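Notes follow the structure.
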Amino acid sequence: MTSLVIVGTQWGDEGKGKIVDLLASSADAVVRFQGGHNAGHTLVINSKTFKLSLLPSGIVRQKLSIIGNGVVVDPIHLEKEIREITNQGIEVNTSNFVISSDCFLILPIHRYIDSIRENLKQGSKKIGTTGRGIGPAYEDKVSRRGIRFSDFKNLKELEEKFISIYNHHNVWIEKFEGKEISYLDDFEIILKCYQSLSKYIENTWLLLKQLNDKNKKILFEGAQGFYLDLDHGTYPYVTSSNTVPSNASIGSGANPKYLKRILGITKAYTTRVGNGPFPTEESNEIGEKLGKIGNEFGTVTGRKRRCGWLDILMLKKAITVSGINGLVLTKLDVLDSFRDLKICTSYKINNQIVKDYPSNISSNHQVIPIYETLKGWEEKTKGITKFEKLPLNAQNFIKRIETLVSCNIDIISTGPERDENIIINEVFS
Ligand code: GDP
Ligand code: IMO
Ligand code: MG
């Protein structure tokens with residue numbers, strides 16, 4: 001099997017969906033392995049926009065699209081997403097879409113808990129979750145209470161599991177909300193969804209083995225980004241899954257030996273949605289300008305993304321821990337009108353210069369980013385497809401990043417459209 005894992009190197013929204021769509025042209029299958037519909041991957045093809053949250057981005061090219069066991073699935077949302085993409089002219093059928101029978105479910109009670117919990121927290125204590133029930137669903141999985149698609153084989157036992165989950169959560173829901181939630185309506189709604197989704201449910205580890213035996217090309221589509229990883233990210237301001245590429249094996253059942261290449265997706269600047277530390281954030285007119293030109297609004301919640309400069313310390317740790325072999329630099333065109341560009345090359349923490357990402361950046365105010373300033377190019381790069389056609393200062397910016405992180409940039413994305421790219425090295429041929 002030739003395989004490639006895609007991972008975001010920042011706090012998500014690096015443009016993974018666009019790159020998965022680009023590379024999916026040479027893939028036989030695209031696999032999601034973690035997260036859920038907290039992801040929002042935008043693809044722009046001939047001015048038509050496709051927004052995917054749970055469906056792997058390969059579905060738009062009608063490639064075999066697999067939701068691996070590590071993904072938490074909200075069946076109500078999945079039905080809706082299938083309906084919406086079908087209305088956009090993309091066929092979803094049993095030959096191009098498969099869900100693992102080992103996926104855990106996001107139930108309506110998980111969504112409810114996610115939102116009331118956030119409401120109970122004050123100000124910066126809020127994580128700023130997407131409110132989709134991701135955390136509570138993973139918690140039930142880890143607590144060994146969770147429900148999987150395979151549980152629908154025995155309805156009596158399934159109902160007992162529903163009762164036990166609802167009883168467990170109702171203890172504190174009743175305390176804070178003054179009322180309990182009945183499992184019955186939700187049980188019936190989810191059962192109905194299952195009936196329409198059951199045709200897609202399969203043993204996906206076996207399917208991946210069969211694809212490997214046939215030497216097929218598999219693209220693993222990471223969601224979120226390295227710094228939202230539960231272990232390696234800016235805890236507690238993270239998501240509830242491991243976003244690192246090594247989880248592609250656990251979250252899909254693909255033997256780790258199948259994972260051959262890892263491609264890190266990096267925005268030419270940095271953004272973050274939700275709370276948490278962000279050393280290079282520009283909460284001023286620079287951040288506003290990046291956000292305006294980059295159209296930095298969350299795909300899932302519509303929230304304004306916080307914006308700032310590129311952070312080399314973050315990138316270096318993401319490259320090392322993820323095992324990244326090459327990078328894709330996205331949204332270069334967003335920097336076209338800046339006279340000067342900054343790249344953070346070290347931090348000053350308690351008067352000490354730090355060159356490697358520290359173990360726990362818990363409060364922003366202690367971290368002073370130290371920048372290298374490069375001349376901007378103040379010319380249009382949007383849509384450029386050849387490196388030599390880039391203004392010299394843009395070429396210098398790219399080469400400087402490569403030098404600072406000791407990793408090659410294989411693709412440069414110069415616009416949201418599928419074909420707005422500079423391919424420097426073929427990474428998936
Ligand atoms: P993902 O979550 O990593 O897939 O990223 P999102 O889709 O949430 O956010 C990236 C946004 O930037 C989307 O609206 C893309 O259409 C857009 N985009 C991707 N690459 C480029 C690029 O090179 N230039 C510009 N201007 N927009 C891009
Ligand atoms: P894609 O795949 C950006 C953030 C949320 C919040 C934190 C926890 O589009 O890059 P959660 O709902 O997961 O419990 O929220 O993680 N977050 C994302 N930010 N892009 C994403 O996905 C995200 N998925 C979750 O904003 O800060
Ligand atoms: Mg996104």
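Restricted to Cα positions, what overall size does the chain have along the principal axes? Three whole-Å values, descending.
67, 51, 38
If the only charges are +1 at each Lys and Arg Cβ and -1 at each Asp and Glu Cβ, what is the size of the charge dipole of the chain around the Cα centre, to the nearest 20 debye?
Dipole size: approximately 520 debye.
With unit charges on the beta carbons (Lys and Arg positive, Asp and Glu negative) and the dipole taken about the Cα centre of the chain, which residue among 393, 223, 137 sits farthest to the positive side?
393
At 0.36 nm per residue, minus the direct Cα-Cα distance, what do residue 86 and residue 301 gain on full extension? Give it in nm, one decimal, please.
Here the answer is 75.2 nm.
Say R0 is 41 Å: what FRET efficiency, to the nearest 0.05, do residue 174 and residue 195 get from their beta-carbon distance?
My answer for the efficiency is 0.85.
Using every alpha carbon pair in segment 104-196, what percent of pairs falls into each 5 Å bin from 0 up to the bin containing the largest distance?
Bins of 5 Å from zero give 3, 13, 23, 25, 19, 10, 5, 2, 1 percent of pairs.
Kindly identify segment 144-232 as rounded, prolate or oblate by the Cα gyration tensor criterion: order the square roots of the eigenvalues as a ≥ b ≥ c, call it rounded if a/c is under 1.5, otherwise compare a/b with b/c, prolate if a/b is larger, else oblate.
oblate
Starting from 0.36 nm per residue, how many nanometres of slack lie between residue 389 and residue 348 once their C-alpha separation is accounted for? Please list the in-between numbers first.
Details: separation 41, 0.36 × 41 = 14.76 nm, distance 3.72 nm.
Length difference between fully extended and current span is 11.0 nm.
Please report how many Lys pairs in segment 104-196 have alpha carbons closer than 16 angstrom, counting only residues at least 8 apart along the chain or sitting on separate chains.
Numbers: 121/175; 141/161; 153/161; 153/192; 156/192.
Close lysine pairs found across segment 104-196: 5.
Per 10 Å bin from zero, what fraction in whole % of the C-alpha pairs of segment 193-348 is there, up to the bin with the longest pair?
9, 32, 31, 18, 9, 1
Give me, ordered by chain and number, the residues 5 or more places off residue 383 or on other chains with an amide H under 5 Å from its own placed amide H.
Placed amide hydrogens put 414, 415 under 5 Å from residue 383.
Out of 47, 249, 346, any idea which swings most in a Gaussian network model of the chain, alpha carbons joined below 10 Å?
Greatest mean-square fluctuation among the candidates belongs to 47.
Between residue 399 and residue 153, how many nm apart are label points set 7 Å from Cα along the C-beta direction?
With each label placed 7 Å out from Cα toward Cβ, I get 6.1 nm.
Ratio of alpha-carbon Rg to the 2.2 N^0.38 Å globular estimate for segment 108-158, to two decimals, please.
1.40
Give me the extension gain from residue 120 to residue 417: residue separation times 0.36 nm, minus the current Cα-Cα distance, reported in nm with one decimal.
Additional length available on full extension: 102.8 nm.
Let me see the pair-distance distribution of segment 279-429: every alpha carbon pair, 10 Å bin width, integer percents in order.
10, 36, 39, 14, 1
Karplus couplings for segment 322-327 from phi (6.51 cos²θ - 1.76 cosθ + 1.60, θ = phi - 60°), rounded to Hz, Gly and Pro as x?
Values, residue by residue: 7, x, 5, 8, x, 10 Hz.
Determine the dipole magnitude for segment 1-131: charges of +1 sit on the beta-carbon of Lys and Arg, -1 on that of Asp and Glu, nothing else is charged, the reference point is the Cα centre, and the result goes in debye to the nearest 20. Intermediate values should be presented prior to the final figure.
On the way: 14 positive and 12 negative charges, 71 e Å.
The dipole of segment 1-131 has a size of about 340 debye.
Across the chain, where is the longest run that never hits trypsin sites (Lys or Arg not before Pro) in a DSSP loop with at most 10 other C-beta atoms within 10 Å?
By the stated rule (loop sites, at most 10 other Cβ atoms within 10 Å), 1-143.
Name the lysines eligible as straight-distance cross-link partners of residue 317: C-alpha to C-alpha under 24 Å, and not fewer than 8 places from it in the same chain.
Answer for residue 317, where 24 Å is the Cα cut-off: 16, 18, 257, 260, 267, 331, 342, 348, 355, 399, listed by chain and number.
Around residue 97, which amide H atoms from residues at least 5 apart in sequence, or from another chain, sit under 5 Å from its own amide H, with H modelled in the peptide plane?
65
Where the Cα atoms of segment 228-274 are projected onto their three principal axes, how long is each span, largest first, in whole Å?
Extents along the principal axes: 34, 25, 13 Å.
Over the Cα atoms of segment 1-111, compute the convex hull volume and normalise it per residue, giving Å³.
111 Å³
Select from 124, 107, 154 the residue farthest towards the positive end of the dipole of segment 104-196; place +1 on Cβ of Lys and Arg, -1 on Cβ of Asp and Glu, and compute about the Cα centre.
124
Just so you know, all these numbers are worked out from the coordinates, no wet-lab data involved. Everything quoted here is computed from the prediction, not taken from an experiment. Cβ atoms come from the backbone with ideal geometry, glycine included; neighbour counts cover every protein chain shown.
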